[in-house]
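Structure record follows, encoded as structure tokens.
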Amino acid sequence: MMKGLFKSNMAIMIVFTAVVLTAPIWLAPIGASYPDLLQKFAIFGVFAIGFNILFGLTGYLSFGHAAFLGIGSYTAVWSFKLLSMNVLPAIIFAVIVAGVFSLIIGFISLRRSGIYFSILTLAFAQMSYSLAYSVLTPITNGETGLQLTLKDPRVIDGMVGIPVTDSLPSTNFFGIAMSGYEGFYFCAVFLIIAFYVSLKIFRSPYGMKLRAIKSNQTRMKYTGFNTRPYLLSAFVISGMFAGLAGSLMAVTDPLAGAERMQWTASGEVVLMTILGGMGTLIGPLLGVGIIKYFENIFSALNDAALHEIYNFLPLGLENVMVAVSSPFVGDGWHLTLGALFMIVVIFLPGGIMEGFSKLSRVFGKSGHEATEDVVSESSSKTEGEK
Amino acid sequence: MSDDNKFSTLSRRGFLKASAAGAAAGAAPMFFVKGANAYVNEPKGGSVTLGFNVPQTGAYADEGADELRAYKLAVKHLNGEGDGGMLNTMKPSSLKGNGVLGKKVAYVTGDTQTKSDAARASAKRMIEKDGALMITGGSSSGVAIAVQGLCQEAGVIFMAGLTHSNDTTGKDRRKHGFCHFFNTEMSGAALAPILEKEFGKDRTAYHLTADYTWGWSQEGSIKKYTEALGWKTKAAVRTPLGAGDFSQYITPVLNSGADVLVLNHYGKDMVNSLTQAVQFGLRDKQVNGKDFQIVVPLFSRLMAQGAGENIKGIYGSTNWNWSLSDEGSKAFVKSFGAEYGFPPSQAAHTCYVQTLLYANACELAGTFNPCGVIEALEGFNFDGMGNGPTEYRAGDHQCFKDVLVVRGNQNPTSQFDLLEVVEVTPRSKVEYSDTMLGGQLGSCNA
Amino acid sequence: MDEILLQVLNGLDKGGAYALIALGLTLTFGTLGVVNFAHGALFMLGAFCAVSVQQVLTISERVKDESITFFDAYKEVPYLEIWWGDFGSMIIDYSVPISIFVSIPIMLLIGVAIERGLIKHFYKRTHAEQILVTFGLAIVIQEIVKGFFGANPIPTPAPDIVSGSAPVGMWLGLSENLVYPYWRLIYLMFAGVIIFGVFAFLRFTTFGMVVRAGMADRETVGLLGINVQRRFTIVFGLAAVVAGLAGVMYTPILPPDYHIGMDFLVLSFVVVVVGGMGSLEGAVLAGFLLGILQSFASMNEVKQIIPGIDQIIIYLVAVIVLLVRPRGLLGREGVMED
């Protein structure tokens, strides 16, 4: 009965929606419930979910998806500058433009597979980054990043008679300002929609075909099946997700910088996906959570904060613990992250999701098995890959 | 089976109930409500929190670490611990060494990674989660401008750390942002007379410029002032950021007929391009019957360390150097050296001074309200902070003070003695009108 | 003319570095089938071997520095100079050449340790997992180095005698404006020697023959009763040594910092792929080709026609090569395409 329940998309969506919308509460105890981090969770969640549709299902590892994120951000900020501070046109244009770019880049890159595909996408992203940083500065404002100014025309806002003040206007959704918790809930809605789309794709015949490409493309081709349109559509969908994520970044914080497009940014989403568990529905989101949490919370722990954390210990032990932990937090947070990658991959090849399914196999009886089925959607993953 | 079922439905219902209650109770106080406070993050308890946002990872991590040291020292001094440092030399000063407005100074730190996005995320965390009233730091103009914009929107004060681009207080100036560090315009104005004196009027310059906004800003300023002297500019070549190997940009200089190479690079790029320019024998070269010269308009002692021997005899400008012998510098170097065992860098100095200036402005205004603080800082004249008489100009929030022209020390007496001050260019020589660079401050947001 | 010759030299020099790193990367990939994202970190470790040797040689006595009055500061006088005077200074001066010999056993040891301790367990894993685990390793190595040496570049100059420029133009009877730094010429020759050495080793020794056979068909070689495994460990060590030596020799050109490996990593992957995965000749060819193209793209005359071309040339070439020649310049079919 449980199994049936979790098999239904409806039930999953209800649980997922509840979990996402209550995030400000259950993340509070670990200090992660302030708006900016919540927004980042949701935005990178959208990014990773989209990336997972390409990478998780087809196995095509793109090292250039950050380019679409950046393109989405630039488009959105230009929409704020030229048209309106309302976020709706910004998001629509961003998704369209990112879609067009991903169609072009995908069309070219998908002529190759394996690492050749990865390098092609990497090359396109690096070219975008280098040009955005330097030659394209009139469009991108280079290193400084594209920002709003008081002199922006904002044509639509002018037409509907929104008054011009001497302070910068803020992004809004028909009057609701997109900062703070409103911004988070706005992004969360998109996260939920994105998750739903991804769930539908995972469980559709289309998703099945994508997985088939991953397990043996040659065989697919021999049966007379043309894989290109499927791959290209998956590429464009994930590119549009990235564009959406980029526009949401601009919505919550109207600035677009070139470093969003650098290969390290593309690498980050790859790491998030693999860390959480590629090809699973929830895995990429876990990866997002962990990496963003490290980047924002661990990096801020200094010795004073550590002393506070270990306050409950006797003084001598407290000092020892602070001395032991301090290389791993603050400016050492990269070290912790690197070590975590290694540990996860060595012991849990399928990412953290595999850890969960292992755990539930140990403890779980029937009920948990059902949950496992939901979260590690493609249990064929480990066999599916080479 | 049915047991499981009951368990999970129960727990889910319980969970939802708990969440609903939590949503009502938990979310509200976390909220960024201005209505409840007079201004963002109004300190209610016995302490006031400052946010130190510096690069802790990436290419500028060492500078960031030095900035953080200075901030911690400033907090100590403000709270009346240690020897007080510049608190004793600052004039006029309303600081009493008992915190700020009677509240103990606390701080939080963050890692900018020298990326605008990461820097803004980290600044937001400090404002939204930790309740920071003022954000300071940065070791890159792009980051400084990005965070400055954020602070304007959030309604807190931003005291810029090391940022050398004209844009910070030029076209991207903000009402809530203040910059103590000098900029490329001042570097150009201060360097030009010295270059004329040392190298003459008849020179042909070749620029290698980091291909991004700061590099262009500096190239523009140096060109403007050297061409006014009568120098010619042979070429200005843009180099990609972080190119590593600059040989393909340096070799064309050899046969270009230019006799001065201007390196508009900073950080690692500067270390690499200078090292390689020297390896290509540019400094031993004679062109047009004159000794070939290299100029690095923005110098930093930490980078001079990276360039080692190659820095000797090379001219540049700097905001401050630890070897200065005024009271303020001496007091600062003494307490910094005693604390950490080596002298502070210019980045550390500007950050330390910015923290004290902010605290002092709060005391002057009698409030932490950013509008009051801005008013107190605008047009504030002070002395005893290592740069002589200094003014925070109201029109663009840029500090105006003497600029140091330095040369890589030929005979260093210690491992820290890398730069030698050849000229203190008076403030009047580097001043420009506050409308020259464009930009609008906007209004106070609280 | 001078200009073009100089850019060719620059390109060869740059190409030498790319080729050395790509060669090591291809060795690990071709023999072990492992995508090693920590290869850049090995290059960096090599560079820091040179830094360490220099720091060991300059272990100093701390002498109170009287010139600093603000606080207690110390001057450092190396013991070597105190004991042996000028001879000591000379040893310090030669720290980079000395590090070459020091780094070989160290890098071999590091390479073997990484292979035995980590890589060994990843032969059967997916490439994605290999990337993640080696990337994690690279970060860990990098952060440890940063912990010891700080984030700023550390100058490690070449010996004084070769610190200037060689009058290449005079040697060739051309313009005397044509000069090139001695150390870069040495680097170029060094790269040539190493590349030649690796090829000779693989071609003319029994060991190399087995390895090449293993690259072509690992299972069959294993079935012949040859312990391919142990040889592959040594090959990984060898790749580490090549990367490390490239790093040591590069320090006088680029003062190393902890991040130098990451900067080279992406580029060297592009080089490997352009050359063709698994092809040693391809890696070397692509390294030199991309180096030269990059040098020419940076010329002012070229940049005026196509602005920004120097920033993207490598990637642009990669795209074109991969579209025209699906498996890179000299790649074999079926490698890394799944």
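The values are calculated or read from the model by the stated rules, or taken from the named source; none is laboratory data. Quick caveat, the model's predicted, so the values are computed rather than measured. We place every Cβ from the backbone using ideal geometry, glycine too, and count neighbours over all the protein chains shown.
Working only within the stretch B:175-232, note down all residues that are of a type in the set (Asp, Glu) and crowded, with 23+ Cβ neighbours inside 10 Å. Step through it out loud before you land on a result.
Step one: of the stretch B:175-232, the residues of a type in the set (Asp, Glu) are B:185, B:196, B:198, B:202, B:211, B:219, B:227.
Selection gives B:185, B:211, B:219.
Kindly provide the set of residues from the stretch B:39-63 that are touching a residue at least 60 places away in the same chain (Cβ under 8 Å) and away from chain C (no Cβ under 14 Å), ordered by number. Break it down into steps so the answer makes sense when it comes.
Taking the stretch B:39-63 and keeping what is touching a residue at least 60 places away in the same chain (Cβ under 8 Å), we get B:39-43, B:48-55, B:59-60, B:62-63.
The answer is B:39, B:40, B:41, B:42, B:43, B:48, B:49, B:50, B:51, B:52, B:53.
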message = For the stretch B:108-130, give me each residue that is surrounded by 24 or more Cβ atoms within 10 Å (Cβ to Cβ) and in a strand (DSSP E or B).
response = B:109, B:110, B:111
key: Qualifying residue in the stretch B:278-293 (condition: surrounded by 19 or more Cβ atoms within 10 Å (Cβ to Cβ), touching a residue at least 24 places away in the same chain (Cβ under 8 Å), in contact with a Gly (Cβ under 7 Å, 6 or more places away or on another chain) and within 27 Å of residue B:430 (Cβ to Cβ))   = no
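Residue-wise test of (1) in contact with a helix residue (DSSP H, G or I) (Cβ under 7 Å, 6 or more places away or on another chain); (2) not in a helix (DSSP H, G or I).
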{"site": "A:81", "(1), (2)": "no, no"}
{"site": "A:98", "(1), (2)": "yes, no"}
{"site": "A:101", "(1), (2)": "yes, no"}
{"site": "A:112", "(1), (2)": "yes, yes"}
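Residues that are within 22 Å of residue A:105 (Cα to Cα) and within 15 Å of the chain's Cα centre (by Cα): does the stretch A:218-226 have at least one?
No - not one qualifying residue is present in the stretch A:218-226.
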First in the stretch B:130-146 and closer than 17 Å to residue B:355 by Cβ and without any contact (Cβ under 8 Å) to a residue 60 or more places away in the chain, second anywhere and polar (S, T, N, Q) and assigned to a loop (DSSP other than H, G, I, E, B), Cβ under 6 Å, 6 or more apart = B:144/B:163
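Inside the stretch A:198-235, can you point out the residues that are among the β-branched types (Val, Ile, Thr), within 19 Å of residue A:59 (Cα to Cα) and free of Cβ contacts under 8 Å to residues at least 24 places away in the same chain? Break it down stepwise before answering.
Step one: filter the stretch A:198-235 for residues among the β-branched types (Val, Ile, Thr), giving A:201, A:213, A:218, A:223, A:227.
After this cut, where a residue has to be within 19 Å of residue A:59 (Cα to Cα) as well, the list is A:201, A:213, A:218, A:227.
Within the stretch A:198-235, A:218, A:227 meet the criteria.
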key: Some residue of the stretch B:132-148 being at the interface with chain A (Cβ under 7 Å from one of its Cβ atoms) and over 18 Å from the mean Cα position of the chain (by Cα)   = no
key: Pick from the stretch B:233-243, criterion surrounded by fewer than 20 Cβ atoms within 10 Å (Cβ to Cβ) and small (Gly, Ala, Ser), ranking: nearest to residue B:184 (Cα to Cα)   = B:236
key: Flag if residue C:258 is under 20 Å from residue B:276 (Cα atoms), within 11 Å of chain A (Cβ to nearest Cβ) and aromatic (Phe, Trp, Tyr)   = yes
query = Which of the helices (runs of 4 or more DSSP H) contained wholly in the stretch B:343-446 include at least 1 residues that are without any contact (Cβ under 8 Å) to a residue 24 or more places away in the chain and buried (at least 19 other Cβ atoms within 10 Å of the Cβ)?
reply = B:346-365, B:370-377
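From the list A:55, A:16, which residue is in contact with a Gly (Cβ under 9 Å, 6 or more places away or on another chain), in a helix (DSSP H, G or I) and aromatic (Phe, Trp, Tyr)? Explain how you work it out, then say what you get.
Numbers: A:16 fails: in contact with a Gly (Cβ under 9 Å, 6 or more places away or on another chain).
Exactly one residue qualifies, and that residue is A:55.
Within the stretch A:118-229, considering only helices (runs of 4 or more DSSP H) that don't extend past its boundaries, which have at least 2 residues that are at pLDDT below 90, facing another protein chain (nearest Cβ under 9 Å) and under 30 Å from residue C:127 (Cβ atoms)?
Values: elements: A:137-140, A:155-159, A:180-202, A:205-215, A:217-222.
Passing ranges, in order: A:217-222.
Can residue C:154 be described as at the interface with another protein chain (Cβ under 8 Å from one of its Cβ atoms), within 19 Å of the chain's Cα centre (by Cα), buried (at least 21 other Cβ atoms within 10 Å of the Cβ) and part of a loop (DSSP other than H, G, I, E, B)?
Details: at the interface with another protein chain (Cβ under 8 Å from one of its Cβ atoms): yes; within 19 Å of the chain's Cα centre (by Cα): yes; buried (at least 21 other Cβ atoms within 10 Å of the Cβ): yes; part of a loop (DSSP other than H, G, I, E, B): yes.
Taking the combined requirement at face value, the residue satisfies it.
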query = What number goes with the only condition from (1) at pLDDT below 90; (2) of a type in the set (Val, Ile, Thr); (3) touching a helix residue (DSSP H, G or I) at 6+ places or on another chain (Cβ under 9 Å) that residue C:100 does not pass?
reply = (1)
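Which residue out of C:231, C:212 is crowded, with 16+ Cβ neighbours inside 10 Å, without any contact (Cβ under 8 Å) to a residue 40 or more places away in the chain and in a helix (DSSP H, G or I)?
C:231
Which of the residues belonging to the stretch C:215-228 are buried (at least 17 other Cβ atoms within 10 Å of the Cβ) and either at pLDDT 80 or above or more than 29 Å from the chain's Cα centre (by Cα) (or both)? Reasoning before the result, please.
Looking only at the stretch C:215-228, we keep the residues that are buried (at least 17 other Cβ atoms within 10 Å of the Cβ), and these are C:215, C:218, C:221, C:228.
Result: C:221, single match.
Here is a yes/no grid of residues against (1) more than 18 Å from residue C:194 (Cβ to Cβ); (2) more than 8 Å from every other protein chain (Cβ to nearest Cβ); (3) touching a helix residue (DSSP H, G or I) at 6+ places or on another chain (Cβ under 9 Å):
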| position | (1), (2), (3) |
| --- | --- |
| C:262 | yes, yes, yes |
| C:279 | no, yes, yes |
| C:295 | yes, no, yes |
| C:298 | yes, no, yes |
ask   = Of all residues in the stretch A:230-279 being polar (S, T, N, Q) and within 14 Å of another protein chain (Cβ to nearest Cβ), which is surrounded by the most Cβ atoms within 10 Å (Cβ to Cβ)?
value = A:273
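Hey, among C:117, C:147, C:136, which residue is more than 8 Å from chain A (Cβ to nearest Cβ) and of a type in the set (Gly, Ala, Ser)?
Working: C:147 fails: more than 8 Å from chain A (Cβ to nearest Cβ); C:136 fails: more than 8 Å from chain A (Cβ to nearest Cβ).
Every option except C:117 fails the conditions.
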note = Residue hits (the stretch A:319-349; facing chain C (nearest Cβ under 9 Å), over 15 Å from residue A:304 (Cα atoms) and exposed (fewer than 15 other Cβ atoms within 10 Å of the Cβ)) are A:343
